[in-house]
Amino acid sequence: MKTPAKVFLVGAGPGDPELLTVRAARLLKHADVVLYDDLVTEAVLELAAPNARRENVGKRCGAKKITQAEINQLMIDEARQGHHVVRLKSGDPLVFGRAAEEMDALREAGVEFEVVPGITAAFAAASALQCSLTDRRAASSIVFSSGHHATGGPPAIAEPTRVVYMPGRDFSALAAEWKQAGLPDDLPCIAISRAAQPDQQIAHTTLGELARTDAGPAPTLVLAGWAFQKMPAASEIEAALASLSVDE
């Protein structure tokens, strides 16, 4: 069952088609149009519907075949024609994948979209090395960074997005730690309970209010950073998730 006028931002993972999510594979199978990045492998592209139009919209190593604005417009135009559009990104769309710009453009155009996560390169590398990135005997955090920055974007050293696993039921200690580290009270924070499950709950808050924020049912993650300052309301996200069809 196809969903007209909708774009799916899909993670293609590190390249092995066996590492795609079931949903990603199913969406590719029913795609009308696949707009893919340079790093997406042919083995993954072969899972697309035989009659799907495949278009490389990659921008790699300074060799730009298409601008980001053109990619945004292409997604919008294809969706408005009623096409099932899969925007296929290497790794995970939300980790250095320019998904924020594409989501902004789709929201502004009033085009419905969904994000389908994928396995990011760091996790594929850890698997290949047979090494835990969070071996509790040696590390309790991970830092992801990019050597590339958008023109006019953040400086090389910018406040990172923070993701805290197992934050406990009371965020007071976490809030106090971050304030002591010099983070401002207006820093956007998110508490997300049971992420990607039918009873998911999202609480938007700030560091100043984090200690008074309800953790919701476990498991819960706390996220903080300026990347969340333009987030849509939790009610809008939940409404969008509720509209997804399980038959696609």
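Laboratory data are not the source of any read-out in this text; all were calculated from the coordinates shown. Here the structure is a predicted model, which is why all the values come from computation and not from measurement. Ideal geometry is used to build each Cβ from the backbone, glycine not excepted, and the neighbour counts take in all protein chains shown.
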*Gain upon complete extension [VAL22, ALA122; 0.36 nm per residue less C-alpha separation]*: 33.9 nm
*Pairs beyond 21 Å (Cα-Cα), from LYS59/LYS89; LYS29/LYS89; LYS6/LYS59; LYS6/LYS89; LYS6/LYS29*: LYS6/LYS59
*What list of ³J(HN,Hα) values in whole Hz, one per residue of the stretch 34-48 in order, does the Karplus curve 6.51 cos²θ - 1.76 cosθ + 1.60 (θ = phi - 60°) give from phi, with Gly and Pro shown as x?*
10, 9, 10, 7, 4, 7, 6, 7, 4, 4, 6, 4, 5, 7, 5
*asked:* What are the ³J(HN,Hα) couplings of the stretch 119-125, residue after residue, when phi is run through the Karplus curve with 6.51, -1.76, 1.60 and θ = phi - 60°? Round to Hz, x for glycine and proline.
replied: 7, 7, 4, 4, 6, 5, 5
*For the stretch 5-99, what ratio Rg/Rh do Cα atoms give with a Kirkwood hydrodynamic radius?*
0.93
*Would you work out if the stretch 25-79 is rounded, prolate or oblate? Take a ≥ b ≥ c from the square roots of the eigenvalues of the alpha-carbon gyration tensor; rounded if a/c is under 1.5, else prolate when a/b is larger than b/c, oblate otherwise.*
oblate
_³J(HN,Hα), Karplus 6.51/-1.76/1.60, whole Hz, each residue of the stretch 109-116, x for Gly, Pro_ = 7, x, 9, 5, 8, 9, 10, 10
*Packing-based ranking, highest mean first, of 22-28, 40-46 given that Cβ atoms within 10 Å are counted*: 22-28, 40-46
*Dipole of the stretch 160-231, Cα-centred, from +1 at each Lys and Arg C-beta and -1 at each Asp and Glu C-beta, to the nearest 20 debye?*
140
